[in-house]
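The values are calculated or read from the model by the stated rules, or taken from the named source; none is laboratory data. Please read all numbers here as calculations on a predicted model, not as lab measurements. Here the Cβ is made from the backbone with ideal geometry for all residues, glycine too, and neighbour counts use every protein chain on show. Please note that ligands, DNA and RNA were not included when accessible areas were found on the heavy atoms of the full protein model with its side chains. Shrake-Rupley method; radii C 1.70, N 1.55, O 1.52, S 1.80 Å.
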Amino acid sequence: MADRTRRSLTANRAAFTRARFIIGFLAAPVLLYLIYVISPYAQAFSIAMTDWRGVSAAPGFVGLANFQRLLGDGVFWTAVRHNGLLLVLMPIGTLVIALFFAFLLNAGGSTAASGVFGARFYRVVFFFPQVLAVAIVAVLFQQVFRPDESGMLNAPLIALGLEPVGFLSDPGVALWSILGVLIWQAVGFYVVLFSAGMASIPRELYEAAEIDGAGRGRLFFRVTLPLLWDTVQVGWIYLGIAALDVFAIVWVMTAEHGGPDHATTVMAAEIYRNAFQYFKFGYASAMGVVLFFFTVAFAAVALRLSRRERVEF
């Protein structure tokens with residue numbers, strides 16, 4: 001009986017020590033998360049129900065008035081529409097291009113189990129845009145899209161006697177130019193990510209499929225894509241969130257920080273404009289709350305729609 005009691009006390013003491021260690025180990029990260037993530041969200045929700053302009057110590061409570069005002073704000077809904085367009089096209093364009101180049105780098109050689117010559121060098125080249133700061137990318141493409149002889153794209157057109165294209169000044173073209181820059185900046189990271197995923201696929205699967213007469217197209221859709229689906233799903237969600245949160249490239253590249261005539265404005269730009277130019281922090285916080293729920297809803301829907309059985313190998 002004494003031995004059994006002693007063993008029980010020892011087990012309880014070990015369990016208590018383990019629990020104390022786990023709690024102590026998690027306390028600091030959880031505390032930091034509460035302070036730097038949950039607390040700002042809570043403050044934003046609170047400020048969204050006030051008329052705070054950033055200077056008064058006691059902002060007035062207005063309830064849901066800021067959200068009611070959003071319903072009639074045409075500029076904000078234009079920004080929502082632009083974000084929605086980017087949300088659909090940016091992930092699709094980036095993932096399709098990245099998967100194509102990654103497949104070439106890993107299975108584009110003389111046999112399906114080998115990549116193209118110099119694949120490692122190409123991965124470095126593709127990843128290079130990720131090294132550049134977003135503001136630098138925006139300034140770089142401002143020069144590329146210049147509407148005169150100094151513009152990389154318009155210079156050949158002018159030399160041929162054609163009219164230059166207003167990549168950033170034409171309301172019908174500007175948003176597509178922004179989309180192209182976003183895809184250019186993002187695609188390199190996903191080429192490297194998908195290349196790493198493809199490299200983990202056993203070469204024997206490619207060799208067996210090739211022996212069975214599978215072409216490169218069937219090899220991609222029947223072998224590579226199913227085994228890479230989890231990585232594609234994560235990439236889709238990350239790119240969707242990036243499309244909803246896009247700000248710096250629009251703010252730096254475009255005229256009027258979202259122009260011309262709000263042709264490229266996005267939700268993040270309107271939040272910044274209302275907060276730090278118009279000093280309507282309560283109204284800007286209401287926009288931020290809407291953006292938060294759009295982002296959460298997108299992540300939940302994307303996870304639901306892209307759920308499928310995991311393929312093991």
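A few comments on the model shown:
Let's see how each residue does on (1) of a type in the set (Gly, Ala, Ser); (2) open to solvent by 80 Å² or more (accessible area, probe 1.4 Å); (3) more than 30 Å from Ala199 (Cα to Cα):
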| site | (1), (2), (3) |
| --- | --- |
| Ile23 | no, yes, yes |
| Ile38 | no, no, yes |
| Gln43 | no, yes, yes |
| Val96 | no, yes, no |
| Val124 | no, yes, no |
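- Cβ-Cβ contacts under 6 Å between residues 6 or more apart (or on different chains), taken from a first residue in region 25-49 that is part of a helix (DSSP H, G or I) to a second residue that is polar (S, T, N, Q), are listed as Ala44/Ser285; Ile47/Ser285.
- Residues that are open to solvent by less than 70 Å² (accessible area, probe 1.4 Å) and out of contact with any helix residue (DSSP H, G or I) (no Cβ under 9 Å at 6 or more places or on another chain), drawn from region 171-185: Gly172, Val173
- For region 150-170, the set of residues classified as surrounded by fewer than 19 Cβ atoms within 10 Å (Cβ to Cβ) and more than 18 Å from Ile249 (Cβ to Cβ) consists of Ser150, Ala155, Pro156, Leu157, Ile158, Ala159, Leu160, Gly161, Leu162, Glu163, Pro164, Val165, listed by residue number.
- Look at region 157-186: where a residue is in the same structural domain as Leu132 (by the TED database) and a partner is open to solvent by 50 Å² or more (accessible area, probe 1.4 Å) and part of a loop (DSSP other than H, G, I, E, B), sitting 6+ places away or on another chain with Cβ atoms under 6 Å, you get Leu157/Pro164; Ile158/Glu149; Ile158/Pro164; Pro164/Pro147; Gly166/Pro147; Pro171/Asp261.
Listed here are the residues, each with its yes/no results for (1) at pLDDT below 90; (2) over 20 Å from Trp77 (Cβ atoms); (3) assigned to a helix (DSSP H, G or I).
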| site | (1), (2), (3) |
| --- | --- |
| Gly240 | no, no, yes |
| Trp251 | no, no, yes |
| Thr264 | no, no, no |
| Ala269 | no, no, yes |
| Phe279 | no, yes, no |
| Ala286 | no, no, yes |
| Phe293 | no, no, yes |
